[in-house]
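Step one of this worksheet: look at the structure below.
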Amino acid sequence: AKAAGRNNMRFFDPAMQASIVARAALEQALREALESRQFKVFYQPQVDAGGRIHGAEALLRWEHGKHGMVAPASFIPLAEETGLILPIGLYVLESTCQQLVKWSGQPGMEHLTIAVNVSIRQFRQEDFARQVLAVLAETGANPARLKLELTESILALDLQDIKAKMTSLKSRGVRFSLDDFGTGYSSLAYLKQLPLDQLKIDQGFVSDILVDANDEAIAKMIIALAASMGLEVIAEGVETVMQEQKLLHLGCRNYQGYLYGKPLPVDQFEALIRRR
Ligand code: C2E
Ligand code: CA
Ligand code: CA
Ligand code: CA
């Protein structure tokens, strides 16, 4: 498994995912992975138009003894279904906050803002905001260095409830980004009521931005929308300089993608920052 290299993640056989026995086995394996600390948090750089790394997205990795590095797409859906995403999500948050505390004392690292993915199932919990505040308090992490990534799926929830949770976290300095923007069913009327800080252009629109006029039009629309709502905008999945130049031309000045770095384990992420 190791021979494939550390950036090559593996997927479980999709046919296996359909089988009840295999699903039960995967669920059991996820529980064991939590207990035996097989989950790792990787960090993917986010840069501004000057190329400066100002943040990162925390991305979950499962370092499986036999299967190597397992991609989240192979297990997040089942973790969501079974509710295991709750302890797993808490682990990612704790791990990231602990890392933020370590970085807070390191020159070149203390300015970083780290984005953590929050699944709708986590966000839906009544005490979600309290949980996040508890992790911040226990670790001593600065809330202003934490960004939470939500998806448009949360808009299925009660608007007052969403706003209350977001507002209580925002009052402490936590920021919010809307991930995969444009792929869901956002009602713009709803959207403007949310106390968001950032829209994240889905990589589906970025990958063909140079060749597909529709994707370019959508990216342009999202960038204009963000500007008119006073929100920051970031593009994900940027792989080429040409894509970056196109996005810059359209007014997007924050980027994330393989062009700047893949999701990396802590030591390699720190080394990347030191090299710059
Ligand atoms: P996402 O939140 O949309 O994360 C971005 C995904 O795009 C990541 O995949 C990242 O590795 C990949 N990516 C980044 N730059 C590029 C690029 O230039 N080209 C291409 N082709 N891909 C790029 P990853 O790490 O496999 O994660 C997949 C999804 O799993 C995430 O999509 C997110 O929905 C979910 N996920 C990952 N970590 C967590 C977590 O801690 N909690 C939750 N709830 N979900 C997570
Ligand atoms: Ca994300
Ligand atoms: Ca995304
Ligand atoms: Ca995505």
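Calculated FRET efficiency, S104 to E138, Cβ-Cβ distance, R0 = 22 Å: about 0.90 to the nearest 0.05. Taking a ≥ b ≥ c as the square roots of the eigenvalues of the Cα gyration tensor, region 36-184 is rounded, since a/c falls below 1.5.
Between A164 and Q268, residue separation times 0.36 nm minus the direct Cα-Cα distance comes to 33.7 nm. Would you mind classifying the chain by shape? Square roots of the alpha carbon gyration tensor eigenvalues, ordered a ≥ b ≥ c; an a/c under 1.5 is rounded, otherwise it is prolate if a/b is larger than b/c and oblate if not. Rounded. Of the chymotrypsin sites (Phe, Trp or Tyr not before Pro) in region 150-195, the ones in a loop by DSSP (not H, G, I, E or B) with at most 13 other beta carbons within 10 Å are Y185. May I ask which residue of T151, H67, A134 lies farthest towards the positive end of the charge dipole of the chain, with charges of +1 (Lys, Arg) and -1 (Asp, Glu) on Cβ and the Cα centre as origin? Towards the positive end, the residue furthest out is A134.
The lysine pair count for region 94-208, using Cα distances under 26 Å and pairs eight or more places apart or on different chains, is 14.
Here's the list of aspartates and glutamates a cross-link from K246 could span, going by alpha-carbon distance under 20 Å and ignoring same-chain residues fewer than 8 apart: D48, D180, D202, D208, D212, D215, E216, E232, E236.
Could you list the GluC sites (Glu not before Pro) in region 183-276 that lie in coil according to DSSP, counting only those with at most 15 other Cβ atoms within 10 Å of their Cβ? Don't jump to the answer; show the numbers that get you there.
On the way: sites: E216, E232, E236, E239, E244, E270; in loops: E236, E239.
Here the sparse-neighbourhood loop sites are E239.
Under the combined filter of DSSP loop state and at most 14 neighbouring Cβ atoms within 10 Å, region 63-117 retains these GluC sites (Glu not before Pro): E110. Shape class for region 156-276: oblate, because the ratio a/c of the largest to smallest gyration tensor axis (alpha-carbon atoms, square roots of eigenvalues) is 1.5 or more and b/c is at least a/b.
Rounded to the nearest 500 deg cm²/dmol, what is the calculated helix-only ellipticity per residue at 222 nm for the chain, with -39500 (n - 2.57) per DSSP H run of length n ≥ 4? All intermediate terms of the calculation are to be shown ahead of the outcome.
Numbers: 12 runs with 122 residues, N = 276.
Computed ellipticity for the chain at 222 nm equals -13000 deg cm²/dmol.
Its Kirkwood hydrodynamic radius, worked out from the mean inverse distance over all distinct Cα pairs, puts region 182-225 at 11.3 Å.
Rule-based calculations on the coordinates, nothing more; no lab input. Since the structure is predicted, the reported quantities are computational estimates derived from the model, not experimental observations. Glycine gets a Cβ as well: all are built from the backbone with ideal geometry, and neighbour counts include every protein chain shown.
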